[in-house]
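The values are calculated or read from the model by the stated rules, or taken from the named source; none is laboratory data. Predicted model only: the values in this text are computed from it and were never measured.
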Amino acid sequence: MPTSGALDVLKPFAWLAAIAFLVGFLSYLVLGQPAQAVAQDHEPWSAAVSGPSSDEWNIIKHI
């Protein structure tokens, strides 16, 4: 009777991990693309909101 090594015991878990990684990575690629396209269409909030100009911050104070 042949003896089973440690690699034979771990082989199903390795296949399961490889398949799970493949499914996760492919779903990331499929579902991640629309989110990136929507994010690139809009301007970031920092560009839409303007702060005070430098003249408003540099007020001359007489002490």
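Within the range 25-42, does at least one residue satisfy the condition of being part of a helix (DSSP H, G or I), modelled with pLDDT of 60 or more and charged (D, E, K, R)? For the range 25-42, residues part of a helix (DSSP H, G or I), modelled with pLDDT of 60 or more and charged (D, E, K, R): absent. Could you tell me whether the range 50-62 includes any residue that is over 29 Å from the mean Cα position of the chain (by Cα), outside any loop (DSSP other than H, G, I, E, B) and at pLDDT 90 or above? No, because not a single residue in the range 50-62 is over 29 Å from the mean Cα position of the chain (by Cα), outside any loop (DSSP other than H, G, I, E, B) and at pLDDT 90 or above.
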